[in-house]
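A.B. asks: This is the structure, below, for whatever I ask next.
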Amino acid sequence: MADIESEQAAAAAGSGALVLFSGGQDSSTCLAWALERFGTVETLGFDYGQRHRVELECRDALRQGLTDLNAGWAARLGPDHTVNLAALGEISNTALTRDVAIAMSEGGLPNTFVPGRNLIFLTFAATLAYRRGLKHIVAGMCETDYSGYPDCRDDTIKALQVALNLGMDRRFVLHTPLMWIDKAETWALTARLGGEPLVALIREQSHSCYLGDRSHHHEWGFGCGTCPACQLRAEGYRRFVAAAV
């Protein structure tokens, strides 16, 4: 078993990955996870007119912080890319792309759901990975602590991997390391990857708040403290801290 695991690790180290990197907690943790596993790692962010666009402005500090924390990560971290997807925001009527109150819709989903967003993100990511010669695509979708978004489900990601591989005639592997863990476990994964320095970096520099609030500071980071994203992050951090005591 050890030989098989070492061979798999060597194969991963010799290949490249593209991380969907929004500037949020989950994608920052995924970036650290990828830097531990792959020989070269590039990052990709999307500007789709989101209300919390400030998350994109957090990305440079996070990338720099990761390279400062670990010389190996610094050697592996490659270029950053940003894709303008303004059309997605223009055709979406959601609380993430319009100045409306966050609420539940008639269909049972919160109105923060942007239809097709992750499908589009991963398709564009695969297109870029094709050009850059990268096999692995890493994203922070999660089916444990989430708002019921159908494009975060494991079945959706697996189906899309099949479609992308068929449609591009290329072998991509979609990795979702947070799929089956909750926010407390995500903080714990962060601690395992980089200890308290990485926890502090992601706590202070990443952004999750749907309202784009960077004016209110909490023990878990910046945010309004009341939107669903802030509540998930705060509760997860509290449980993580409690478990560590």
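The values are calculated or read from the model by the stated rules, or taken from the named source; none is laboratory data. What you see is a predicted model, and the numbers here were worked out from it, not measured in a lab. Neighbour counts are summed over all protein chains in view; Cβ atoms, including those assigned to glycine, are modelled from backbone coordinates with ideal geometry.
A.B. asks: Any chance you could count how many residues in segment 150-159 are in a helix (DSSP H, G or I), surrounded by fewer than 20 Cβ atoms within 10 Å (Cβ to Cβ) and not hydroxyl-bearing (Ser, Thr, Tyr)?
C.D. replies: In the first step, residues of segment 150-159 are kept if they are in a helix (DSSP H, G or I); the result is 150-152, 154-159.
Narrowing the set further to residues that are surrounded by fewer than 20 Cβ atoms within 10 Å (Cβ to Cβ) leaves 150-151, 154-156, 158-159.
Among the residues that remain, those that are also not hydroxyl-bearing (Ser, Thr, Tyr) are: 150-151, 154-155, 158-159.
Final tally of qualifying residues: 6.
A.B. asks: Kindly provide the set of residues from segment 58-87 that are closer than 17 Å to His207 by Cα, in contact (Cβ under 8 Å) with a residue 40 or more places away in the chain and surrounded by fewer than 17 Cβ atoms within 10 Å (Cβ to Cβ), ordered by number.
C.D. replies: If the condition is that a residue be closer than 17 Å to His207 by Cα, in contact (Cβ under 8 Å) with a residue 40 or more places away in the chain and surrounded by fewer than 17 Cβ atoms within 10 Å (Cβ to Cβ), then Ala61 is the only one that fits.
A.B. asks: So, one more: Within the set of pairs 6+ apart or on separate chains, which have a first residue in segment 180-195 that is farther than 12 Å from Gln25 by Cβ, a second that is at pLDDT 95 or above and in a loop (DSSP other than H, G, I, E, B), and C-beta atoms under 7 Å apart?
C.D. replies: Gly194/Asn70
A.B. asks: Looking at Thr176, Thr186, Thr190, which one is surrounded by 18 or more Cβ atoms within 10 Å (Cβ to Cβ), farther than 27 Å from Val245 by Cα, among the hydroxyl-bearing types (Ser, Thr, Tyr) and modelled with pLDDT of 95 or more?
C.D. replies: Working: Thr186 fails: farther than 27 Å from Val245 by Cα; Thr190 fails: farther than 27 Å from Val245 by Cα.
So the residue among Thr176, Thr186, Thr190 that is surrounded by 18 or more Cβ atoms within 10 Å (Cβ to Cβ), farther than 27 Å from Val245 by Cα, among the hydroxyl-bearing types (Ser, Thr, Tyr) and modelled with pLDDT of 95 or more is Thr176.
A.B. asks: Collect the residues in segment 88-101 that are surrounded by 18 or more Cβ atoms within 10 Å (Cβ to Cβ) and part of a loop (DSSP other than H, G, I, E, B), keeping them in residue-number order.
C.D. replies: Quick first cut of segment 88-101, residues surrounded by 18 or more Cβ atoms within 10 Å (Cβ to Cβ) only: 88-89, 92, 94-97.
Residues satisfying the conditions are Ser92, Thr94, Ala95, Leu96, Thr97.
A.B. asks: What residue, among those in segment 18-55 that are over 16 Å from Asn118 (Cα atoms) and modelled with pLDDT under 95, is surrounded by the fewest Cβ atoms within 10 Å (Cβ to Cβ)?
C.D. replies: Within segment 18-55, the first condition is being over 16 Å from Asn118 (Cα atoms), and the residues that meet it are 25, 28-29, 31-42, 51-55.
Pick out the ones that are also modelled with pLDDT under 95 and you get 51-55.
Values: Arg51: 19, His52: 21, Arg53: 14, Val54: 16, Glu55: 23.
The qualifying residue surrounded by the fewest Cβ atoms within 10 Å (Cβ to Cβ) is Arg53.
A.B. asks: How many residues does segment 169-214 contain that are of a type outside the set (A, V, I, L, M), part of a loop (DSSP other than H, G, I, E, B) and under 24 Å from Asp154 (Cβ atoms)?
C.D. replies: Our first condition is that a residue be of a type outside the set (A, V, I, L, M); within segment 169-214, this holds for 169-172, 175-177, 180, 182-183, 185-187, 190, 192, 194-197, 203-210, 212-214.
Going one step further and asking which of them are part of a loop (DSSP other than H, G, I, E, B), we end up with 169-172, 176-177, 180, 182, 206-210, 212-214.
From what is left, the residues that are under 24 Å from Asp154 (Cβ atoms) are 170-172, 176-177, 180, 182, 206, 208, 210.
Matching residues across segment 169-214 total 10.
A.B. asks: Ala125 fails exactly one of the following numbered conditions: (1) surrounded by 16 or more Cβ atoms within 10 Å (Cβ to Cβ); (2) in contact with an Asp or Glu (Cβ under 9 Å, 6 or more places away or on another chain); (3) in contact (Cβ under 8 Å) with a residue 24 or more places away in the chain. What is the number of that condition?
C.D. replies: Unmet for Ala125, out of (1) surrounded by 16 or more Cβ atoms within 10 Å (Cβ to Cβ); (2) in contact with an Asp or Glu (Cβ under 9 Å, 6 or more places away or on another chain); (3) in contact (Cβ under 8 Å) with a residue 24 or more places away in the chain: (2).
A.B. asks: Of all residues in segment 102-119, which are free of Cβ contacts under 8 Å to residues at least 60 places away in the same chain, part of a loop (DSSP other than H, G, I, E, B) and polar (S, T, N, Q)?
C.D. replies: Restricting attention to segment 102-119, the residues satisfying the condition of being free of Cβ contacts under 8 Å to residues at least 60 places away in the same chain are 103-109, 111, 113, 115-116, 118-119.
Now narrow it down to the ones that are part of a loop (DSSP other than H, G, I, E, B): 103, 105-109, 111, 113, 115-116.
Ser105, Asn111, listed by residue number.
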